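This report concerns only the one structure given below.
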Amino acid sequence: MKTEGALLWNPGTNSGWSVEEIELDPPKEREILIKLAASGICHSDDHVDTGDIPLDWAPIIGGHEGAGVVEEVGPGVTSLEPGDHVVLSFMPSCGHCRMCVLGKANMCELGAGVLSGFAPDGTKRIHARGQGVGAFSYLGTFSPYVVVPLDAAVKIDKEIPLDKAALIGCGVPTGWGSSVYAADMQLGDTVVVIGVGGVGMNAVQGAVLKGAKNIVAVDPVAFKREKAVEFGATHTASDFAEATSIVEELTNGQMAERVIFTVGVAHGELLNPAQVLTRRGGVLVLTSAAPVLQSSVDFDLFSFAMSGKRLQGSLYGTTNAQVDIPYIADLYHRGHMKLDELVTKTYDLHDINQAFQDMREGKNIRGVIMYD
Ligand SMILES: NC(=O)c1ccc[n+]([C@@H]2O[C@H](COP(=O)([O-])OP(=O)(O)OC[C@H]3O[C@@H](n4cnc5c(N)ncnc54)[C@H](O)[C@@H]3O)[C@@H](O)[C@H]2O)c1
Ligand SMILES: [Zn+2]
Ligand SMILES: [Zn+2]
């Protein structure tokens with residue numbers, strides 16, 4: 001079918017997204033065609049445009065945070081049918097590889113190919129200007145229609161509004177899970193969330209759910225700090241120096257049990273100040289993407305070792321998509337999780353470059369592309 005999509009033809013050059021006609025093939029074996037309701041604008045797509053995540057192939061269709069209605073299923077699909085509502089998971093989980101079986105679905109072996117430019121079967125589903133187009137995370141939600149692997153679709157209750165559910169494809173579980181799972185948070189912890197955008201705001205929500213005593217949100221943007229309080233932060237700071245003095249005072253100098261690092265770009269000089277905020281024996285969770293080619297980081301290794309701290313990476317918040325996406329949707333349905341408040345502004349697909357500009361300028365918690 002013919003539809004349209006937002007593509008990068010020259011990734012890494014800050015040249016922005018080209019919205020143009022694309023040709024979408026029908027779903028193959030164990031794939032589904034989805035009519036999307038909305039796609040979130042996550043910072044990770046921007047890393048491909050800036051070159052922080054360098055790609056040696058093009059074109060790419062962006063977008064990996066979407067939800068919609070199943071329109072057609074390919075051969076071998078029995079667990080979903082047309083009309084089902086699904087959230088797309090940016091990490092697929094096959095359910096039978098070693099990592100999936102061990103309960104580490106965010107590490108599913110299929111995930112290794114999410115930035116390969118090919119569908120899991122090694123072919124391409126999308127074509128533009130006579131060329132094959134690779135999709136971000138096997139998805140490419142910057143298009144009103146997508147053909148995706150069955151393993152990337154998670155069925156949700158039809159009562160959940162799809163434009164809000166879209167955010168449960170990436171930013172919400174990534175931030176929430178960074179607190180709930182990756183940080184190993186305990187009741188009464190003092191927690192610092194560094195960078196309260198689309199991901200970090202959900203780390204705040206996760207900390208609330210886990211019963212943190214103090215939640216300190218750090219962000220240079222005043223509007224984000226104000227929002228963080230609405231989401232449950234107990235204190236805010238505009239930079240590391242202010243955060244350090246607040247946390248010192250709150251903890252009698254012991255510092256925070258959990259620090260969640262969710263700034264837009266993990267530049268190496270930001271890591272040590274985050275470590276300073278972490279108490280002895282505490283956990284520093286690194287969720288942000290760093291420039292892939294960055295090879296040095298400022299880090300006081302002596303203090304780190306001698307104070308028994310843990311640096312914990314967090315892919316997809318260490319969540320298990322097939323379990324946690326419906327769980328988060330249910331928390332929202334019962335009023336225990338804010339999704340509506342995450343959406344600052346909605347956009348037409350044709351205004352996608354404005355949406356990224358607004359993200360870079362710190363205007364949005366989340367910008368969302370709306371489809372018909
Ligand atoms: N690990 C994963 O699985 C995963 C998944 C999704 C996104 N990410 C990454 O998480 C990061 C955050 O994504 P997002 O969509 O929330 O981005 P965002 O742009 O919405 O939010 C980033 C926030 O960091 C703030 N910030 C920037 N510099 C700061 C600093 N020095 N100190 C404190 N705050 C600072 C910004 O003002 C902004 O509010 C990105 O690097 C993204 O690629 C990782
Ligand atoms: Zn994302
Ligand atoms: Zn798997």
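The values are calculated or read from the model by the stated rules, or taken from the named source; none is laboratory data. Because the structure is predicted, anything quoted here is derived from the model rather than measured. Cβ atoms come from the backbone with ideal geometry, glycine included; neighbour counts cover every protein chain shown. These accessible areas exclude ligands, DNA and RNA; they are computed on the full protein's heavy atoms, side chains included. Shrake-Rupley method; radii C 1.70, N 1.55, O 1.52, S 1.80 Å.
Structural remarks
- Normalised per residue, the accessible area of the chain is 39 Å², obtained with a 1.4 Å probe and no contribution from ligands, DNA or RNA.
- Accessible-area composition of the chain, carbon plus sulfur, in percent [1.4 Å probe]: 51 percent
- Cα→Cβ-extended label distance, 7 Å offset, between Phe118 and Arg334, nm: 4.4 nm
- For the range 53-61, 3J(HN,Hα) computed residue by residue from phi via the Karplus equation (6.51, -1.76, 1.60; θ = phi - 60°) reads 10, x, 10, 9, 9, 6, x, 10, 9 Hz, glycine and proline entered as x.
- Amide H contacts of Ala38 (H built 1.01 Å from N, in plane; Pro and chain starts excluded): Ala67, Tyr371 sit under 5 Å, all sequence-distant by 5 or more or on other chains.
- Whichever lysines have a C-alpha closer than 23 Å to that of Lys224, once near sequence neighbours (fewer than 8 apart) are set aside: Lys164, Lys210, Lys213, Lys338, Lys345, Lys363
- Debye intensity ratio in log₁₀ form over the Cα atoms of the chain, taken at each q of 0.09, 0.10, 0.13, 0.15 Å⁻¹: -0.47, -0.59, -0.99, -1.29
- Estimated 222 nm signal from helices in the chain, with DSSP H stretches of n ≥ 4 weighted -39500 (n - 2.57), rounded to 500: -6500 deg cm²/dmol
- Bridging of Lys28 to lysines at a Cα separation below 25 Å is possible for Lys2, Lys124, Lys155, once same-chain residues fewer than 8 apart are set aside.
- Of all the options Gly95, Gly134, Gly264, the one that moves most in a Gaussian network model of the chain with Cα springs shorter than 10 angstrom is Gly95.
- The residues packed around Gly111, meaning those with a beta-carbon under 12 Å from its beta-carbon, carry a net charge of -1 if Lys and Arg are +1 and Asp and Glu are -1.
- Length added when fully stretched, Asp56-Met370, from 0.36 nm per residue minus Cα-Cα: 110.0 nm
- Lys213 versus Val297: modelled label distance in nm, points set 7 Å from Cα along the beta carbon direction: 2.9 nm
- Remark: the range 337-351, residue by residue, has Karplus-estimated 3J(HN,Hα) of 8, 8, 10, 3, 6, 6, 8, 7, 8, 10, 9, 7, 3, 5, 9 Hz, where x stands for each Gly or Pro and the curve is 6.51 cos²θ - 1.76 cosθ + 1.60 at θ = phi - 60°.
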